[in-house]
1. Let me check against my output: what whole-number percent is the relative contact order of region 251-305, with C-alpha pairs under 8 Å and at least 6 apart?
2. Which residue, chosen from 101, 274, 250, occupies the Cα position most advanced towards the positive end of the dipole of region 1-328, where the dipole is computed from +1 (Lys, Arg) and -1 (Asp, Glu) charges on Cβ about the Cα centre?
3. Obtain the radius of gyration and the Kirkwood radius of region 93-180 from its C-alpha atoms and give Rg over Rh.
4. With no solvent and one equal point scatterer placed on each C-alpha of region 1-138, evaluate the Debye formula and give log10 I(q)/I(0) for q = 0.09 Å⁻¹, two decimals.
5. Taking only the alpha-carbon positions of the chain and ignoring solvent, what does the Debye formula give for the base-10 log of I(q)/I(0) at q = 0.11, 0.12 Å⁻¹?
6. Within the P(r) computed for region 256-353, what percentage of the Cα pairs occupies the region above 20 Å?
7. Using DSSP to define loop residues, name the trypsin sites (Lys or Arg not before Pro) in region 347-435 whose beta-carbon has at most 12 other beta-carbon atoms within 10 Å.
8. Summarise the accessible area of region 331-429 (1.4 Å probe, protein heavy atoms) by the percent that is carbon and sulfur.
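The values are calculated or read from the model by the stated rules, or taken from the named source; none is laboratory data. What you see is a predicted model; the values in this text were computed from it and never measured. Cβ sites come from the backbone with ideal geometry, for glycine too, and all protein chains shown count toward neighbours. SASA here: full protein model, heavy atoms, side chains in, ligands and nucleic acids out. Shrake-Rupley method; radii C 1.70, N 1.55, O 1.52, S 1.80 Å.
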Amino acid sequence: MYFQPEIETMPHDQLEALQLERVRETARNCYENVEFYRNSFDAAGVTPDDIKSLDDIAKFPFVVKQNMRDAYPYGLFARPVKDVARIHASSGTTGQATVVGHSANDLKNWGDCFARGIAMVGGSAESTIQVSYGYGLFTGGLGAHAGGEAIGANVIPTSSGNTKRQIQMMKDLETDILCCTPSYALLIADTAIEMGYDPAKDFKISAGIFGAEPCSDSMREDIATKLGIQYCDVYGLSEIMGPGVAMECAERKGLHIAEDHFYCEIIDPATLEPVPVGEWGELVITTLTREVSPMFRYRTRDITRIIAEPCACGRTHYKIDQLRGRTDDMLIIRGVNVFPSQIEQVCVSFPEITAHYQLHLTTVNGMDQIELRVETVPEFPIDEVRKLEDLKNRLAAELKSNLQVQVKITFCEPHSIERSEGKAKRVFDKREGKN
Ligand code: DLL
């Protein structure tokens, strides 16, 4: 049930004492070995010795993605390259790539963090785990792989893509646990159904560990029902480690943070002040054990809240709530704040359409226009004009009342919207002055 019971169920006051000790070590690692931190701590007038309690962390400056870009490639490393065991990097599609280094110890800890999640879904050394996250510089594939190896499971490194072959392997090799993005899980489920299988009955699979992108509650339900599995949400980011920073137990009421490796704060992104426990805001993470790429107060841009209530699963580590999106996901349309996840919530409440959608933003006569392209389900009579008009009106009314903006709707034929084997791209912002 637990992978590391003595750590996962440690009384929280003991955990906090451990965190305090490790925060100090991380601050020292940063200050002594990374010029950027030495300068930024000095500029803020703080030193590692100022940390007497966990609250003192709030006196320290933040790190943001731009600092990593500026330090590219090795400027934030606290160890010489000869001590680095592996590199991961972000794609750099939205700017200069960022590079993160891992020592052998860092990799061991990463495997352990992910293995805790495997245990949360009932996995063990007996399990067969299919890793359908991409392998490479992206942390999904190798992170889940390390978790499977740490628990001693049989790991199938299919990586993403070649969906029919994935499904065949899932059936023939009797996969118990599937790891991939939620959008790929849905594609795998739908493709298996099209191939004539009922994955919930015909496959042995009992759980899925899905993350790397937001996923609405209804889409989770859809995936869990189609595959007949326990859905485990996994959170992580390459800057901090990769998948396994926090993982969802069977209670499904939040993701347990690996608090012996990460200290999490929630701040108000406008004032940058910490908010009280339980309130929503931006997640800020300090790594506690990372040797090569320690992060001190990294602003993730992810929006969540801390759940400190005891969990029925017996784990004492605090949780983060399912992510609400990112501060930089927010679209401002004619002055109104819109999150793509709000649109997804509305879409999935209509049985006539699928969860596959795209948002296209353009400028028309100097005004923002948002167009939702969405597929009807195959059973829907897309050629019957009256039925289609009626659906369009109901959907438009629901979107307007939820978002306070007018959304143009375009229905697409089933299967015409490109499916994702990794993170789905849903927003195409072609407005004047953007991109
Ligand atoms: O996506 C690491 C990962 C791989 C996590 C596999 C989970 C599973 P990056 O490519 O650096 O790393 O992207 C990190 O993805 O800041 C979030 O905005 C988003 N994200 C990650 N997990 C979740 C999740 C990986 N469970 C960025 N729910 C993060 C919603 C998520 N968004």
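1. Values: 89 pairs, mean separation 17.6, N = 55.
Across region 251-305, relative contact order equals 32 percent.
2. 101
3. Details: Rg = 13.8 Å, Rh = 13.6 Å.
We get a ratio of 1.02 for region 93-180.
4. -0.39
5. These q points yield log10 I(q)/I(0) values of -0.89, -1.05.
6. Tail fraction, whole percent: 49.
7. Sparse-neighbourhood loop trypsin sites (Lys or Arg not before Pro): 425, 430, 434.
8. Values: 2570 of 5230 Å².
Result for region 331-429: 49 percent of the exposed heavy-atom area is carbon or sulfur.
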